[in-house]
Amino acid sequence: MFISKKLEVRDTEKGRSLFAVENIEIDEILIKFKGKILDHPTKTSLQINEGRHLEGTGKIDDFLNHSCNPNGYVNFDDMTFRSLRDIREGDEVTFNYLTTEWDMANKFECHCGSKNCFKHIKGFKYLTLEQKKSLEPLLSPFLKKKLTEAK
């Protein structure tokens, strides 16, 4: 598993979070995912397909928190986590869980403060068609297929 030296886990008021310790350029590879495949979602898994979830390693990848306005994304072509835009030193590194998870194991209320906050983070299947379409550029192949079926 590859983990960029530009990342570190810090304790915050909301729990442990991942932060940039150096400036990060757009589309920079930050994490190369590797782990055990499960047939069910967990709090730290990443959905790959129907009934296929990549379990977190217990390392830095488990501290990627959600944001409705993320600065990172999962590239499913090479199973990497990449920066969506330039990230400044000291910024929290996040991604939108709704771009990878059909039905989340741990649902929660989001308080990210984004003007386009989804509020209830339960999984892609719970979004309106309009909300699903707004996420299309960042969706996993599995969720892109679900979106096509919904149109």
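At-a-glance table
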| read-out | value |
| --- | --- |
| For the chain: accessible area per residue (Å², 1.4 Å) | 56 Å² |
| Candidates per GluC sites (Glu not before Pro) in the range 27-77, loop by DSSP, up to 14 other Cβ within 10 Å | Glu50 |
| Accessible-area composition of the chain, carbon plus sulfur, in percent [1.4 Å probe] | 47 percent |
| Equivalent-ellipsoid semi-axes of the range 54-133, from the Cα gyration tensor, Å, largest first | 20, 16, 13 |
| Distance violations [Cα-Cα > 25 Å] among Lys36/Lys107; Lys107/Lys132; Lys6/Lys119; Lys59/Lys119 | Lys6/Lys119; Lys59/Lys119 |
| Hydrodynamic radius (Kirkwood) for the range 86-142, which is based on Cα pairs only, to one decimal in Å | 12.4 Å |
| Acute angle (nearest 10 degrees) that the helix 141-150 long axis makes with the longest principal axis of the chain, alpha-carbon atoms | 30 degrees |
| Förster-model FRET efficiency, 35 Å R0, Asp11 and Thr148, C-beta, rounded to 0.05 | 0.25 |
| Cα shape, the range 1-104, gyration tensor, a/c 1.5 rule | prolate |
| Two-decimal log10 I(q)/I(0) for the range 46-97, as the Debye equation yields it once each C-alpha is a single scatterer, q = 0.15, 0.18, 0.24, 0.29 Å⁻¹ | -0.44, -0.63, -1.06, -1.32 |
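The values are calculated or read from the model by the stated rules, or taken from the named source; none is laboratory data. This is a predicted model, so every value here is computed, not measured. For neighbour counting, all protein chains shown are included, and Cβ atoms are generated from backbone atoms with ideal geometry for every residue, glycine included. These area figures cover heavy atoms from the full protein model, side chains too; ligands, DNA and RNA do not enter into them. Shrake-Rupley method; radii C 1.70, N 1.55, O 1.52, S 1.80 Å.
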